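Colleague: I'd like to ask some things about the structure below.
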Amino acid sequence: MSTYLADTAEDLAVDGPSARFTYRRMGPQGGVPLVLLHRFRGTIDWWDPSFLDYLATEHDVILFDNVGIGYSTGEPRDSVKGFAEGAIEFIQALGLSTVDLLGWSLGGIVAQEVALRR
């Protein structure tokens, strides 16, 4: 049985104004990080580990649970706008000025909303 880097990635936390965000980071750091936005009812545990390992071979990959989702605290958001605000809050809490976004399903719509706000 294979062991994936994604399966051994440590849960990390960063505090934002409305939540304590739980996230995982893998791959070589430096350059523009790739932030993943998950699907409706998904969490950081729902990403395919082989997909994450593939991305992490050449990218600094960051996946997180949005406000009130999964391991993150706070009041869950109930709109695309709210999820986008949470994603921006998370990115700012990490002190990142530039990121690439990759969204899965609802996460793709949230990524578009984030892009509109930047």
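The values are calculated or read from the model by the stated rules, or taken from the named source; none is laboratory data. On a predicted model such as this, the values are computed, not experimentally measured, just so you know. For neighbour counting, all protein chains shown are included, and Cβ atoms are generated from backbone atoms with ideal geometry for every residue, glycine included. Please note that ligands, DNA and RNA were not included when accessible areas were found on the heavy atoms of the full protein model with its side chains. Shrake-Rupley method; radii C 1.70, N 1.55, O 1.52, S 1.80 Å.
Colleague: Can you go through PRO49, PRO28, PRO17, PRO76 and tell me which one is closer than 18 Å to TYR4 by Cα and open to solvent by 60 Å² or more (accessible area, probe 1.4 Å)? Full working, then the answer.
Modeller: Numbers: PRO49 fails: open to solvent by 60 Å² or more (accessible area, probe 1.4 Å); PRO17 fails: closer than 18 Å to TYR4 by Cα; PRO76 fails: closer than 18 Å to TYR4 by Cα.
Answer to the check: PRO28.
Colleague: Name every residue in the range 95-118 that is under 14 Å from LEU37 (Cβ atoms) and of a type in the set (Ser, Thr, Tyr), in order of residue number.
Modeller: SER105
Colleague: Right, here's the next one. If I go through the range 31-46 residue by residue, how many of them are in contact with a Phe, Trp or Tyr (Cβ under 9 Å, 6 or more places away or on another chain), of a type outside the set (Gly, Ala, Ser) and open to solvent by less than 20 Å² (accessible area, probe 1.4 Å)?
Modeller: 4
Colleague: Report those helices (runs of 4 or more DSSP H) wholly inside the range 5-109 carrying at least 1 residues which are at pLDDT 95 or above.
Modeller: By residue number, 49-56, 80-93.
Colleague: Please specify each residue of the range 1-39 satisfying the condition of being in contact with a helix residue (DSSP H, G or I) (Cβ under 9 Å, 6 or more places away or on another chain) and under 17 Å from GLY74 (Cα atoms).
Modeller: VAL14, ASP15, GLY16, PRO17, SER18, ALA19, PHE21, THR22, TYR23
Colleague: Give me the residue from the range 80-96 that is touching an Asp or Glu at 6+ places or on another chain (Cβ under 9 Å) and farther than 13 Å from SER18 by Cα and, out of that set, surrounded by the most Cβ atoms within 10 Å (Cβ to Cβ).
Modeller: Among them, the one singled out is ALA84.
Colleague: Answer with yes or no whether THR57 is open to solvent by 60 Å² or more (accessible area, probe 1.4 Å), out of contact with any strand residue (DSSP E or B) (no Cβ under 8 Å at 6 or more places or on another chain) and either closer than 17 Å to TYR23 by Cα or not charged (D, E, K, R) (or both).
Modeller: Numbers: open to solvent by 60 Å² or more (accessible area, probe 1.4 Å): yes; out of contact with any strand residue (DSSP E or B) (no Cβ under 8 Å at 6 or more places or on another chain): yes; either closer than 17 Å to TYR23 by Cα or not charged (D, E, K, R) (or both): yes.
So THR57 passes the test.
Colleague: Of everything in the range 1-25, what is farther than 16 Å from ILE88 by Cα, in contact (Cβ under 8 Å) with a residue 12 or more places away in the chain and among the hydrophobic types (A, V, I, L, M, F, W, C)? Give them in sequence order.
Modeller: Passing the criteria: LEU5, ALA6, ALA9, LEU12.
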